[in-house]
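**Q** After the structure tokens below, expect a handful of questions from me.
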Amino acid sequence: MHGLLVLVTLQAALKSLQGVATHINESKRQTDQTNKLMELQQILVGQDFPIMQPGRKLIRDGFFTKIAAGKQQERHFYLFNDMLLYSSKNFFKKGTEQFKGFIKVERVSVANLDDTAELKNAFEVIRHDHKKKKFVVCTNSPEEKQVWMKEIRKAREEDAKASAMQKQGMIFTEFLGSPTTPINQSQNTSNQVQENQVQDPVNTTNSLSSAQEQQQTNAESNNSKLEEQYEQQHLKKETENSITEII
């Protein structure tokens with residue numbers, strides 16, 4: 001029994017330590033990401049947008065040969081979770097890179113290219129934005145080529161999922177914020193019924209009071225008419241008696 005208790009205690013302690021280690025590793029990764037983005041923000045020139053954005057992560061980077069329109073150019077490629085960016089060395093300012101272009105991952109696809117005498121370890125990048133162009137990227141090894149193609153496709157898939165979830169969240173938020181939903185209408189109707197139920201006793205009492213007052217007024221009027229008729233009859237009888245006495 002004592003041995004079992006010790007085992008359970010050790011397992012709980014190990015699980016706690018694993019949780020702490022996971023938290024530390026995640027914090028370190030976030031710190032490394034922030035430092036990389038800050039460094040790139042400082043060395044990159046020529047772009048008209050900030051590199052540091054909420055949720056943006058740098059997946060990998062590498063120096064490759066870019067072939068477009070028959071021209072070979074050395075480029076530094078950066079793959080983020082939301083875009084593929086490329087730059088070149090800046091010969092006018094040491095320690096910096098000149099921004100050359102970027103493509104949103106949602107508008108890019110890649111295709112494998114077989115090795116030829118001229119091309120080795122290459123794949124094709126296809127733009128699906130307004131430019132609708134293609135260019136070839138030559139990596140340094142077959143393994144590197146496969147990794148980059150896989151990571152670009154994965155980034156595109158995850159970006160599409162994130163966009164779909166964001167749209168669903170916006171639709172749900174708009175639904176909850178609608179002022180004329182059936183739920184609100186039902187609540188308003190229920191509230192109105194409750195208000196009427198609360199107000200009904202007062203209205204009933206007022207109605208009874210008015211009816212009683214009207215009945216009292218009618219009774220008084222009838223009594224006045226009866227008294228008037230009685231006086232007329234009494235006066236007539238007295239007049240007849242007087243006439244009889246005279247005769």
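The values are calculated or read from the model by the stated rules, or taken from the named source; none is laboratory data. If you're wondering where the values come from, they're calculated on a predicted model, not measured in any experiment. Because the Cβ atoms are built from the backbone with ideal geometry, glycine has one as well, and the counts that use them run over all protein chains shown. Side chains are part of the model used for accessible areas, which takes the heavy atoms of the whole protein and leaves out ligands, DNA and RNA. Shrake-Rupley method; radii C 1.70, N 1.55, O 1.52, S 1.80 Å.
**Q** Rounded to the nearest angstrom and ordered from largest down, what semi-axes does the equivalent ellipsoid of segment 31-84 get from its C-alpha gyration tensor (root of 5λ)? Don't jump to the answer; show the numbers that get you there.
**A** Working: eigenvalues 109, 29, 22 Å².
That gives 23, 12, 10 Å for the three semi-axes.
**Q** With the full set of protein chains in place, find how many percent of the accessible area of segment 22-83 is carbon and sulfur; take the probe as 1.4 Å.
**A** Working: 1970 of 3910 Å².
Its accessible area is 50 percent carbon and sulfur atoms.
**Q** Counting other C-beta atoms within 10 Å, and keeping those with at most 13, which DSSP coil chymotrypsin sites (Phe, Trp or Tyr not before Pro) do you find in segment 1-102? The partial results should precede the final answer.
**A** Values: sites: PHE63, PHE64, PHE77, TYR78, PHE80, TYR86, PHE91, PHE92, PHE99, PHE102; in loops: PHE91, PHE92.
Answer by residue number: PHE91, PHE92.
**Q** Oh, and also: Using a 1.4 Å probe on the protein heavy atoms only, what accessible surface does GLU174 show? Give it in Å² to the nearest 10.
**A** 120
**Q** Could you provide, to the nearest whole Å², the per residue accessible area of segment 35-102 with probe 1.4 Å?
**A** Working: 4090 Å² over 68 residues.
Averaged over the residues of segment 35-102, the accessible area is 60 Å².
**Q** Now for a separate question. Please work out how much accessible surface THR34 shows to a 1.4 Å probe, ignoring ligands, DNA and RNA, in Å² rounded to 10.
**A** Accessible surface of THR34 is approximately 60 Å².
**Q** Oh, and also: If ILE171, ILE67, ILE59, ILE51 are ordered by their accessible area, calculated over protein heavy atoms with a 1.4 Å probe, which sequence runs from highest to lowest?
**A** ILE171, ILE59, ILE67, ILE51
**Q** Here's another thing I want to ask about it. With a sphere of radius 13 Å drawn around the Cβ of VAL136, what net charge do the other residues whose Cβ falls strictly inside it have (Lys, Arg +1; Asp, Glu -1)?
**A** +4
**Q** Setting aside same-chain residues fewer than 8 positions from LYS94, which lysines have a Cα under 27 Å from its Cα?
**A** Output for LYS94: LYS36, LYS57, LYS66, LYS71.
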